[in-house]
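Engineer: To start, I am sharing the structure in question, which I have written as structure tokens.
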Number of protein chains: 2
Amino acid sequence: MDEGQKRSGRAARQAERSGKGARVGRPYIVRNIPTYDVLSEENLIRIEAAADRILAETGMEFRDDPVVLEHWRRAGAQVSGTLVRFEPGMLREVLADAPAEFVQHARNPARSVLIGGKSVVFAPAYGSPFVMDLDRGRRFGTLEDFRNFVMLAQGSPNFHHSGGTICEPTDVPVNKRHLDMVLAHLELSDRPFMGSVTAEERAEDSIDMARIVFGRDFVDANCVILGNVNVNSPLVWDGTMTRSLRAYARANQAAVVVPFILGGAMGPVTSAGAIAQSLAETMAGCALTQLERKGAPVIFGNFLSSMSLRSGSPTFGTPEPAIGSMVIGQLARRLNLPLRCSGNFTTSKLPDAQAMMEGTMSMLAAIHCGANFILHSAGFLDGLLSMSYEKFMLDADLCGSLHSYLDGIKIDDDQLAVSAFAEVGPGNHFFGCSHTMQHYETAFWDSELSDNEPFEKWEAAGSADAATRANRLWKKRLAEFEPPPMEAGMREALHGYVAEKKAAAGDMWY
Amino acid sequence: MDEGQKRSGRAARQAERSGKGARVGRPYIVRNIPTYDVLSEENLIRIEAAADRILAETGMEFRDDPVVLEHWRRAGAQVSGTLVRFEPGMLREVLADAPAEFVQHARNPARSVLIGGKSVVFAPAYGSPFVMDLDRGRRFGTLEDFRNFVMLAQGSPNFHHSGGTICEPTDVPVNKRHLDMVLAHLELSDRPFMGSVTAEERAEDSIDMARIVFGRDFVDANCVILGNVNVNSPLVWDGTMTRSLRAYARANQAAVVVPFILGGAMGPVTSAGAIAQSLAETMAGCALTQLERKGAPVIFGNFLSSMSLRSGSPTFGTPEPAIGSMVIGQLARRLNLPLRCSGNFTTSKLPDAQAMMEGTMSMLAAIHCGANFILHSAGFLDGLLSMSYEKFMLDADLCGSLHSYLDGIKIDDDQLAVSAFAEVGPGNHFFGCSHTMQHYETAFWDSELSDNEPFEKWEAAGSADAATRANRLWKKRLAEFEPPPMEAGMREALHGYVAEKKAAAGDMWY
């Protein structure tokens, strides 16, 4: 082997390594395994027919937003008061204008993500009022916590997106939180991010701040910010949400349209019925973006869950929503829309065995169903109510392993180890053979948190459990954090915008 | 609704409930979701060609068992010394005689299991020298521990099989352990079970004890016991294993043929190569059962794992073996053989977050790959070295949830909740609607161990983690245990057999 060959071999290994769980991130994952399709086409068509029937017979309410009613009227729906009914096929026709995939640009172009097709994008969890860690227990989230989570996400190669309201910064007035949150995403991360949806003007502020960074014309032509809008399930859209949804669409930015269905409460207790409802609600929301601005990017979302027979409490990470997500994935692909599905959920109050059993089951469902954007990839405990520092690190590790999972298996003579069998032969080990030496650095995902040591070595090192190791790791990561570079003028403009907006309004606390 | 309708509705609900995660077990699961096929047929054929090449060019060693060499010679393989080489296609031809599915009979006929096709059978983990619990930590397993685990499995509706060497009863001489273990499986459980493979005469003792229970003629015509035989990977079969494999096949009982490949050690470090090797090794072992007795039941097994780049330690529950298992499943189906795949693995030394992250990923791979018999469904910690009482209970709970997972989604007008949408309408909740009342008892799997309560309620109840709850549950289950009935004469005959065998030999301790 000459030196040239050696060098190219090393470069190839390094390139491969960057794609194989090593500590160099990819901007997003391109899946190399198929989606897991659990339902026949015949049954998918029956669900679609049930959704059409809900839309045509039961209809959907659109409250406190006359523009929406006007949109529907013009598009041919039957509007009576706030109740809207849709002829079968009508929404599908409107949805044909939405792009099947789009790029969400990051301020660091190397970190822009493709959303749609075979892409998979991991973002931290979203929306908890509480935070938790092993030292201080549960408490209300603060802006400091929020900034910490942005830094922990940015500091990990296992995410692709900075997310949105990672936790509620409850020490900031509700009408000013979005300013600090968007500022943190832009300053402390160079990945794509999400803006506010809690009021139309907050959505517009979020988009305005993106305009400072990307430029007004660029933003008008490209997606640079997402807004996550929820249906008030069952079958109600609130004006706050539709106004925010329209603000994003109007600016050519992507709304993520997400029903929130706890089976037996906000929807039927049977999975098939909850899925039909979810499809109806999402189709209506996605179609609305197209009526506001034809061709605007939009993401088909879903959120299914279950409840405990014993307590009536919502349950997460259970089998029924996992299977349901895979069906939703099939339905979204039939609409040719990018998909947000499921995420890492649990009702556990600690980063314990329950947390990762439920979390892994729900996260793998998001992977299998073909989700392009996984919003709640990391951090949730306590039934979505708390962001846990330790769980965040454990989930980040799971996200790392899912890079290798989605890479699937390559089949060629080298991967089939044809030469190794000839070299090693029966009864000998493969430790030192040249095929192993050539591949061992890239062959397997290497966890940062799992302890694979022999029992005695683990015991001698203090018998720490995974949560304790995660506790050490998040502190280390925060201590090491270095913010990505930002031009001083841009930073000044952003801070100026925030200061001006804050000065112009009083504080609202609820 | 008249009384007759009411009764039949109630009976139907109860029947459904028994199949939906409630506390009444099913003898085995019939999967209602497809397998997850991750590789194209073209790539499967390349793996098969690589396996054929290994068999033809590198060959396989069969040590210390001249009968095996004679079998191969007669079947047309090239035998030189202990090395055997196989023409492409030869093993497939032999394997055509093996059944695609078979029933393993339990002494309680209602608990007999189908192995093959769409069936899924959960058995406890197998082979740990150590046991662990939260009170006493890690220690060598004893017969008391072994019996405890048999009782815990029998006491749970979430298993279908009593397993084999659930832990090593290290306080019993090695040459007598099998007698106590088989006795415990037969007395304390009424489910199917596994016998010894550590020596030919121990395999025969195990089968003899089954003959006492089932009758000699029945055993000759039906499968009532399994034996798990391991390849000494790479590409070596030891005489101890082939003699035991032949003992089971000769008695028309099923050998489970399992390579043991830690990638980079007992096989190539690349997944494709390890899978090709696994296929070659399993095909040879399965074919051998057919040469010993044409038509004997046999199970195609596999065990893939990975290693840590940092420590060189084996790793479990990692993404590469998970994907690899799904490929092995596809290959087994192309051979039309029942499949044993993967299981619930972890290197964690505690029943913590790591344990259930790795355990859930590996267990779901076994579910997705189409495994018919999942040997290591519950209990492993510490890289297969320890059976944990708490992990056993946590895994049993996961097995329960997988019943609902494998049930998939039913699609009919009732499941689609057509009537419920008409009844509830937009903006109202589904809590009390008649559709919910009719279905809520059976709609969702209900965990025994997950805590779904609100934080405050959980905190007021003592803030227990999942491992602590599992600790309480296994003690409760053991205290409540009632052995299944057994006729006195049968019990006497079994005890007599064991006493006689024990008296006839000295004690071997290694």
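The values are calculated or read from the model by the stated rules, or taken from the named source; none is laboratory data. Predicted model, so just to flag it, every value in this text is computed and none were measured. Glycine gets a Cβ as well: all are built from the backbone with ideal geometry, and neighbour counts include every protein chain shown. Keep in mind that these areas ignore ligands, DNA and RNA; they rest on the heavy atoms of the full protein, side chains included. Shrake-Rupley method; radii C 1.70, N 1.55, O 1.52, S 1.80 Å.
Engineer: Given the Cα-Cα distance of B:A461 and B:K410 and 0.36 nm per residue of separation, how much length would full extension add, in nm? Present the calculation step by step, with values, prior to reporting the outcome.
Structural biologist: Values: separation 51, 0.36 × 51 = 18.36 nm, distance 3.75 nm.
Using 0.36 nm per residue and subtracting the Cα-Cα distance, I get 14.6 nm.
Engineer: Sticking with this structure for a sec: Where Lys and Arg each count +1 and Asp and Glu each count -1, what net charge lies around A:E423 among other residues with Cβ under 15 Å from its Cβ?
Structural biologist: Numbers: positive: B:R53; negative: A:D413, A:D414, B:E57.
Value of the local net charge: -2.
Engineer: Counting only protein heavy atoms and a 1.4 Å probe, tell me what percentage of the range B:95-407's accessible area is made up of carbon and sulfur. Walk me through the numbers on the way to the answer.
Structural biologist: Working: 3180 of 6300 Å².
It is 50 percent, rounded to a whole number.
Engineer: Can you find, among B:I225, B:F300, B:A265, the residue sitting farthest towards the positive end of the charge dipole of the range B:95-407, where Lys and Arg contribute +1 and Asp and Glu -1 at Cβ?
Structural biologist: B:F300
Engineer: Something else: Dipole magnitude of the protein assembly as shown about its Cα centre, charges +1 at Lys/Arg Cβ and -1 at Asp/Glu Cβ only, in debye to the nearest 20?
Structural biologist: On the way: 100 positive and 124 negative charges, 66 e Å.
Charge dipole, the protein assembly as shown, about its Cα centre: 320 debye, nearest 20.
Engineer: Arranged from highest to lowest average of other beta-carbon atoms within 10 Å per residue, in what order do the peptides B:393-405, A:309-321, A:291-303 appear? Walk me through the numbers before you get to the answer.
Structural biologist: On the way: B:393-405: 26.3, A:309-321: 22.2, A:291-303: 24.0.
In descending order of packing, they fall as B:393-405, A:291-303, A:309-321.
Engineer: So what's the net charge close to A:L55: Lys and Arg +1, Asp and Glu -1, counting the other residues with Cβ under 11 Å from its Cβ?
Structural biologist: Details: positive: A:R53, A:R85, A:R92; negative: A:E48, A:D52, A:E57, A:E87, A:E281.
Computed value for this residue: -2.
Engineer: Shortest first, in nm, what separates the label point of B:E459 from those of the same position in the other copies (7 Å along Cα→Cβ)?
Structural biologist: Label point to label point, same position, other copies: 3.6 nm.
Engineer: Mind pulling the angle between the C-alpha long axis of helix A:3-18 and the longest principal axis of chain A? Nearest 10 degrees, somewhere in 0 to 90.
Structural biologist: Compared with the principal axis, the helix lies near 40 degrees.
Engineer: Taking the Cα atoms only, what angle lies between the long axis of helix B:488-503 and the longest principal axis of chain B, rounded to 10 degrees?
Structural biologist: 40
Engineer: How much mean residue ellipticity at 222 nm does the protein assembly as shown get from its helices, if each DSSP H run of length 4 or more adds -39500 (n - 2.57) and you divide by all residues, to the nearest 500 deg cm²/dmol? Each step should come with its number before you reach the end.
Structural biologist: Values: 36 runs with 460 residues, N = 1020.
Value at 222 nm, helices only, nearest 500: -14000 deg cm²/dmol.
Engineer: Additional query: Restricting to the protein assembly as shown, compute how many DSSP beta bridges are antiparallel as a %, nearest 5. All intermediate terms of the calculation are to be shown ahead of the outcome.
Structural biologist: Working: 38 of 92 bridges.
About 40 percent, rounded to the nearest 5.
Engineer: Over the Cα atoms of the protein assembly as shown, what radius of gyration and what Dmax do you get, in Å?
Structural biologist: Here Rg and the maximum Cα pair distance are 29.4, 95 Å.
Engineer: So which aspartates and glutamates pass the test for B:K457, namely a Cα distance under 14 Å, with those fewer than 8 places away in the same chain ruled out?
Structural biologist: A:D382, B:D465
Engineer: What does the charge dipole of chain B about its Cα centre add up to, to the nearest 20 debye, if the Cβ of each Lys and Arg holds +1 and the Cβ of each Asp and Glu holds -1? If you can, show how the numbers build up before the last one.
Structural biologist: Numbers: 50 positive and 62 negative charges, 106 e Å.
Dipole about the Cα centre, nearest 20: 500 debye.
Engineer: Total accessible area buried between chains A and B, 1.4 Å probe, in Å² to the nearest 100? Provide the component values of the computation, followed by the final result.
Structural biologist: On the way: alone 21940 and 21970 Å², together 34250 Å².
Answer for the A-B pair: about 9700 Å² buried.
Engineer: Using square roots of five times the C-alpha gyration tensor eigenvalues, list the equivalent-ellipsoid semi-axes of the range B:155-284 in whole Å, biggest first. Don't skip to the end; give the middle numbers.
Structural biologist: Values: eigenvalues 158, 54, 44 Å².
So the three semi-axes of the range B:155-284 are 28, 16, 15 Å.
Engineer: In addition: Name the residue from B:S404, B:L385, B:W445 whose Cα lies farthest towards the positive end of the charge dipole of the range B:368-496, charges +1 on Cβ of Lys and Arg and -1 on Cβ of Asp and Glu.
Structural biologist: B:L385
Engineer: Tell me, how many Å apart are the Cα centres for the range B:144-202 and for the range B:286-311?
Structural biologist: 21
Engineer: Shifting gears a bit: Looking at A:N344, A:G496, A:G427, which one has the Cα that reaches farthest to the positive end of the dipole of chain A (charges on Cβ: Lys, Arg +1; Asp, Glu -1)?
Structural biologist: A:G496
Engineer: Sticking with this one: Under a cut-off of 16 Å between alpha-carbon atoms, report the lysines in cross-link reach of B:K176, not counting same-chain residues fewer than 8 places apart.
Structural biologist: Cα-Cα hits under 16 Å: B:K501, B:K502.
Engineer: Now a separate question. Could you give the size of the charge dipole of the range B:199-265 about its Cα centre, using +1 on the Cβ of each K and R and -1 on the Cβ of each D and E, expressed in debye and rounded to the nearest 20? Display every interim value, and only then the final one.
Structural biologist: Working: 6 positive and 8 negative charges, 26 e Å.
For this selection, approximately 120 debye.
Engineer: Which of rounded, prolate or oblate describes the range A:95-407 when judged by the alpha-carbon gyration tensor and an a/c cut-off of 1.5? Intermediate results must be reported in sequence, preceding the final value.
Structural biologist: Working: a/c = 1.40, a/b = 1.09, b/c = 1.28.
Rounded, since a/c falls under 1.5.
Engineer: Hey, what angle do you get for helix A:353-368 against the long axis of chain A, alpha-carbon based, 0 to 90 degrees rounded to 10?
Structural biologist: Roughly 80 degrees, rounded to the nearest 10.
Engineer: How about the range B:439-471: which of its residues lose at least 30 Å² of accessible area in the presence of all protein chains relative to their chain isolated, using a 1.4 Å probe?
Structural biologist: Buried-area filter returns B:Y440, B:F444, B:W445, B:D446, B:S450, B:D451, B:N452, B:E453, B:F455, B:W458, B:D465, B:A466.
Engineer: Give the nm distances, rounded to one decimal, from A:M437 to the matching residue in every other copy, measuring between label points 7 Å along Cα toward the beta carbon; shortest first.
Structural biologist: Its label point is 7.6 nm from the equivalent points in the other copies.
Engineer: At A:N336 and A:A493, where each label point lies 7 Å from the Cα along Cα→Cβ, what is the point-to-point distance in nanometres?
Structural biologist: Label at A:N336, label at A:A493, 3.7 nm between them.
Engineer: Mind listing the label-point distances from B:Y510 to the same position on all other copies, shortest first, one decimal in nm, points 7 Å along Cα→Cβ?
Structural biologist: Inter-copy label distances (nm, one decimal, shortest first): 7.5.
Engineer: How long is the gain from A:E482 to A:S80 if the chain were fully straight, where each residue apart is worth 0.36 nm and the alpha carbon distance is subtracted?
Structural biologist: Details: separation 402, 0.36 × 402 = 144.72 nm, distance 5.57 nm.
Once the chain is fully extended between A:E482 and A:S80, it gains 139.1 nm.
Engineer: Now, a different point. Compute the distance in nm between two label points, each set 7 Å from the Cα along the Cα-to-Cβ direction, one at A:E41 and one at B:F431.
Structural biologist: Those two pseudo-labels are separated by 4.4 nm.
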